[in-house]
Amino acid sequence: MITTRKIHYHNQQQYRKMSGILMISAWGFALVIASFLFLWLGYKLDEYLGTAPNFMFGLFFLAIFICVMRLYQEAKQRMKEL
């Protein structure tokens, strides 16, 4: 009975370590997908409107800014929970 609780606590510690890594990798994936999606959308808007790469760069940087701000908010909330 004692060893079962000890193993359970050890697994919980490993899960907490892995949850941080999984959160960072999920945000990295979201950053890449959002930036490429917004980059493509901006390219299509520029192609349709006949403008220079204004929308392409604007939406690309907007996607990066939004993802970084959401990551910061998530990290700030997790720090409060500790």
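Quick notes on this one:
- Taken across the range 6-25, residues that are at pLDDT below 90, surrounded by 12 or more Cβ atoms within 10 Å (Cβ to Cβ) and in a helix (DSSP H, G or I) do occur, with at least one present.
- Any hit, the range 46-53, residues being in a helix (DSSP H, G or I) and of a type in the set (Gly, Ala, Ser): no
- Filter result (more than 17 Å from the chain's Cα centre (by Cα), open to solvent by less than 80 Å² (accessible area, probe 1.4 Å) and not aliphatic (A, V, I, L, M)) within the range 45-66: ASP46, GLY50, THR51, PRO53, GLY58
- Residue that is farthest from the chain's Cα centre (by Cα) [pool: residues in the range 26-42 that are more than 9 Å from LEU59 (Cα to Cα) and crowded, with 16+ Cβ neighbours inside 10 Å]: ALA34
The values are calculated or read from the model by the stated rules, or taken from the named source; none is laboratory data. Fair warning: this is a prediction, and the values are worked out from it, not measured in the lab. All Cβ positions, glycine included, derive from the backbone under ideal geometry; neighbour counts span all protein chains shown. What goes into the accessible areas is simple: the full protein's heavy atoms, side chains included, and nothing from ligands, DNA or RNA. Shrake-Rupley method; radii C 1.70, N 1.55, O 1.52, S 1.80 Å.
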